[in-house]
1. Full-extension gain between V137 and V196, please, as 0.36 nm times their residue separation minus the C-alpha to C-alpha distance.
2. With the crude spin-label approximation of a point 7 Å out along Cα→Cβ, what separation in nm comes out for I230 versus K215?
3. Which residue fluctuates the most in the chain, going by a Gaussian network model with Cα springs under 10 Å, if the choices are S148, S100, S57?
4. Which value, in Å² rounded to 10, gives the accessible area of E141 with a 1.4 Å probe and all protein chains present?
5. With unit charges on the beta carbons (Lys and Arg positive, Asp and Glu negative) and the dipole taken about the Cα centre of segment 126-234, which residue among N207, F178, I162 sits farthest to the positive side?
6. Rounded to the nearest 10 degrees, what's the angle between the helix 2-24 long axis and the longest principal axis of the chain, both from Cα atoms, 0 to 90?
7. Which of the residue pairs K109/K181; K131/K209; K109/K215 have a Cα-Cα distance greater than 30 Å in the structure shown?
8. State to the nearest 20 debye the size of the charge dipole of the chain about its Cα centre, where the only charges are +1 on K and R beta carbons and -1 on D and E beta carbons.
Amino acid sequence: MQKIKKSYWILLLLLTWSQVSNAQEQNKFKQKTDFQFTAGINRGFGLGANLILHDLSQEFPFDIRVGVGYTWLQPGSSTKARKIFINNATNGVPEDKGHSMDVRLDFMKPMTLLGNSNSYWFIGPRYSKFKGNFKYVGGNEDFDITSSQYGLGGGFESHYKISEGLQLILTGGLDYFFAAKLQGHDTSYYPDNDNVNARTNNENDTNFKYKDADKAIDQPQFMPRFMVGIQLDL
């Protein structure tokens, strides 16, 4: 499944690069580029920066947007994280923090939304790197749990002119990330449960499974996005 997801991502990037290359060879078609900066809610508070390529070719019906984002997230349950990835100790005062960094590729199509003709719908692949840090003050434990995920997302966006070359943008959408390996300390849990050094659940004397780790750690899965930002015409 992971190989299929990676191949799908690579194929989309190759197709996009092919369209960009073809567009550069068309002298009669002028390419327009915009830059966006956004902030808002992406399950947690997030920031983003995007580059949009318009009118790549007369045959290609979409604009292309490439973006990166950073989101501060709650990483999950400190108590369960220690049990599932380290041990069953309960001492120390827990502190936790988390974030995700994402890369996104959108295929954008103009539309009219709520009477605004300067709007788009968009869809495309996603990639996210998540890290949650769990620290137990007085308990001598401080460790990270990480995952790398592929996903898909889509949504709608409206633009409102502020001045020449500057627009206000409002974006709403949803990203979904596929289950992926969760790794922390010297323990790894895989979606197919081919786990490495899985810890023992003392309640039933069996090893924890991937579903237990996934429930304890809030890695990206469904990620609603409501962003506000500005767009600069380059």
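1. Numbers: separation 59, 0.36 × 59 = 21.24 nm, distance 2.70 nm.
That pair, V137 and V196, stretches by 18.5 nm at full extension.
2. 4.7 nm
3. Per the Cα network of the chain with a 10 Å cutoff, S57 tops the list.
4. Only protein atoms counted, so the area is about 40 Å².
5. I162
6. Helix 2-24 and the main axis of the chain meet at about 20 degrees.
7. Working: K109/K181 34 Å; K131/K209 20 Å; K109/K215 36 Å.
K109/K181; K109/K215, as the Cα separations exceed 30 Å there.
8. Numbers: 25 positive and 24 negative charges, 33 e Å.
Its charge dipole is roughly 160 debye.
The values are calculated or read from the model by the stated rules, or taken from the named source; none is laboratory data. Note that the structure is a prediction, hence the values are computed from the model and not measured. Reconstructed Cβ throughout: ideal geometry from the backbone, glycine too, with neighbour counts over all protein chains shown. Side chains are part of the model used for accessible areas, which takes the heavy atoms of the whole protein and leaves out ligands, DNA and RNA. Shrake-Rupley method; radii C 1.70, N 1.55, O 1.52, S 1.80 Å.
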